[in-house]
Structure formats: structure tokens, C-alpha cells
Amino acid sequence: MIIRFLGTHNQASQDKRLISLLIDYILVVDAGNIVADLSFDEQRRIRAILLSHGHYDHIRDIPAYAFNNTVRTTSVYATPYTLEFLSSHLADGLIYPKFTEKYGYVDRQVLQFCPLEHYISQDIEGYRVTAVPVNHPLQAVGFEITSPKGKKVFYTGDTGPGLAAAWQHVSPDYLIIEVTLPNRLSEQAKASSHLCPDTLKQELLEFRKTKGYLPPTCLVHMSPEYEKEIIKEAAAVSRELRIPIRAMAEGDKLSI
Ligand SMILES: [Zn+2]
Ligand SMILES: [Zn+2]
């Protein structure tokens with residue numbers, strides 16, 4: 001399984017992109033950046049898109065992607081609550097077409113919405129995918145994704161502290177977890193249901209208690225303004241827990 005990090009931040013700029021992962025060229029996880037850094041040919045290879053929740057930084061590129069790819073149908077997997085946001089706010093038939101229906105000259109469904117249920121694993125393009133609830137608004141979920149060769153990654157999406165229940169349902173070879181703010185803004189992180197390096201450490205300790213091991217860990221969804229601080233503080237957690245913890249950048253690839 002090769003994971004390409006298309007976007008690893010919660011804010012976008014000239015060199016920072018909103019959160020998106022691309023797995024083996026065909027499976028997208030969160031849609032903050034699935035247009036600007038992929039060629040049209042690369043976009044055409046995408047078969048399915050998973051969305052963790054309805055916050056704008058995770059769904060932004062859905063309409064632009066659909067508009068670029070009207071010659072076939074792409075499946076969008078998310079909880080019913082998240083799918084409803086797309087219909088009511090983005091692909092609503094006003095600011096962009098309702099891509100789940102035929103429109104104008106487009107004689108097919110461009111997007112097919114596929115509802116996911118918590119903890120029920122589904123086959124998606126040959127991958128086993130399980131949506132696991134996490135502590136974040138809009139009924140956010142993380143995804144455990146198992147490759148056809150049996151390699152497992154768990155992507156938390158956005159989450160605040162309190163992953164103990166989630167850990168019982170996953171056993172990843174790699175963890176991709178959000179850390180949005182540095183330790184000095186821990187109160188702000190907690191109030192907005194995000195993690196900082198201190199709370200990351202607590203969640204990893206809880207993971208080890210539950211599962212008896214710790215997976216190598218990748219950090220995403222950093223706030224660009226605080227990234228240097230986050231990386232320094234995460235390095236201390238890495239040394240203390242004796243596992244690799246790597247803050248991912250746009251363009252990075254991970255082979256599992
Ligand atoms: Zn969010
Ligand atoms: Zn976010």
C-alpha cells in the first residue's frame with residue numbers, strides 16, 4: 001500500500017494544502033486537496049473517496065473533482081450525516097450541480113453516495129474499510145483501511161482526546177493521526193476537539209495499554225503557523241515512547 005499525502009494541514013496557502021490522502025492511486029481519504037496537485041489523468045484513476053466528516057477542510061474539493069470527472073461515476077463513502085452535507089451545501093443544485101443525478105448534458109450519476117455504518121467493515125475497491133467514531137463534531141469518524149495484502153492503517157481524521165473506545169476496534173500497522181496545535185494551546189485544542197503533542201502522548205499510551213504495542217505514527221492536519229513547535233514537541237514524544245513519529249508534508253509518500 002502506497003499512501004501519497006496530497007495535503008497535510010488544516011489551512012491552505014502557496015505551499016500548504018488541506019488534508020487529503022491518496023492510496024495506491026485509486027482511493028482518496030478526505031477531499032481537502034484532490035484537484036490542484038493531481039493531473040487530469042491521475043484524477044481519472046480515482047475510484048472511491050472516503051470522507052471522515054463534513055467540515056469544509058475535508059470536503060472542499062468534492063464539487064471541483066466531480067466537475068472535472070463527469071464521464072464516469074465515482075463512489076463517495078461517508079456516514080449518512082456527512083453525505084447530507086454534500087447534498088445540502090456543496091453539490092446542492094444551486095452553486096454546483098447535484099452530481100448524484102443526471103443534469104444538463106451529463107447523462108449519468110457523477111457521484112454515487114454510499115453510506116457507511118460505524119464498525120461495519122465494507123469492501124471498497126478491494127480494501128476492507130471500517131468507520132470508527134472519534135471525538136469531534138459532526139459525527140466524525142476515522143477509518144481503518146486494510147490493503148488487499150493485509151496491511152492496515154488507521155487514519156483518525158479530526159479528533160480530540162478520548163480515543164480509548166476507538167482503539168478497541170482497530171489494530172493498525174501504521175497510525176495516521178491529527179495533531180493540530182502545540183502544547184501551549186492545549187485548552188484551545190481541547191475546546192475545538194483536536195490534539196496537541198501532550199494529548200497525542202496520552203492517546204498513544206492508551207493505545208499501548210489496550211493493544212500491547214505501538215505502531216509507527218504519522219502526523220497530519222497541523223496548523224501551519226504552529227508546525228515547527230508541534231514537530232519539536234512531537235519529537236520529544238517520539239523519544240519518550242520509542243516509536244517513530246513523523247510530521248507529514250505535502251508530496252510525502254509512505255509505503256506500508
Ligand atoms: Zn473537523
Ligand atoms: Zn479539519
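The values are calculated or read from the model by the stated rules, or taken from the named source; none is laboratory data. Treat the numbers as computed from the prediction; the structure is a model and nothing was measured. Please note: Cβ atoms are built from the backbone with ideal geometry, for glycine as well, and neighbour counts cover all protein chains shown.
A compact table of results
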item	result
Number of positions in the stretch 164-185 that are within 16 Å of the chain's Cα centre (by Cα) and within 16 Å of ligand 2 (Cβ to nearest atom)	5
One residue from His55, His89, His9 being within 15 Å of ligand 1 (Cβ to nearest atom), in contact (Cβ under 8 Å) with a residue 60 or more places away in the chain and out of contact with any Lys or Arg (no Cβ under 6 Å at 6 or more places or on another chain)	His55
Qualifying positions in the stretch 228-256 - acidic (Asp, Glu) and touching a residue at least 60 places away in the same chain (Cβ under 8 Å)	Glu250, Asp252
Extreme residue, nearest to Glu233 (Cα to Cα), among residues of the stretch 186-195 that are away from ligand 2 (no atom under 12 Å from the Cβ) and in contact with a helix residue (DSSP H, G or I) (Cβ under 8 Å, 6 or more places away or on another chain)	Ser186
Extreme residue, farthest from Ala12 (Cα to Cα), among residues of the stretch 171-226 that are within 16 Å of ligand 1 (Cβ to nearest atom) and among the charged types (D, E, K, R)	Lys190
The listed residue being on the phi > 0 side of the Ramachandran plot, at pLDDT 95 or above and surrounded by 16 or more Cβ atoms within 10 Å (Cβ to Cβ), out of Gly142, Gly126, Gly157, Gly150	Gly157
Residues (among the aliphatic types (A, V, I, L, M), in contact with a Lys or Arg (Cβ under 7 Å, 6 or more places away or on another chain) and assigned to a helix (DSSP H, G or I)) located in the stretch 200-240	Val237
Identity of the residue in the stretch 133-170, under 17 Å from Ala191 (Cβ atoms) and small (Gly, Ala, Ser), that ends up farthest from ligand 1 (Cβ to nearest atom)	Gly162
Tally of residues being within 16 Å of ligand 1 (Cβ to nearest atom) and touching a residue at least 60 places away in the same chain (Cβ under 8 Å) across the stretch 34-52	2
Residue ID - farthest from the chain's Cα centre (by Cα), chosen from residues in the stretch 186-199 that are in a loop (DSSP other than H, G, I, E, B) and surrounded by fewer than 24 Cβ atoms within 10 Å (Cβ to Cβ)	Ser192
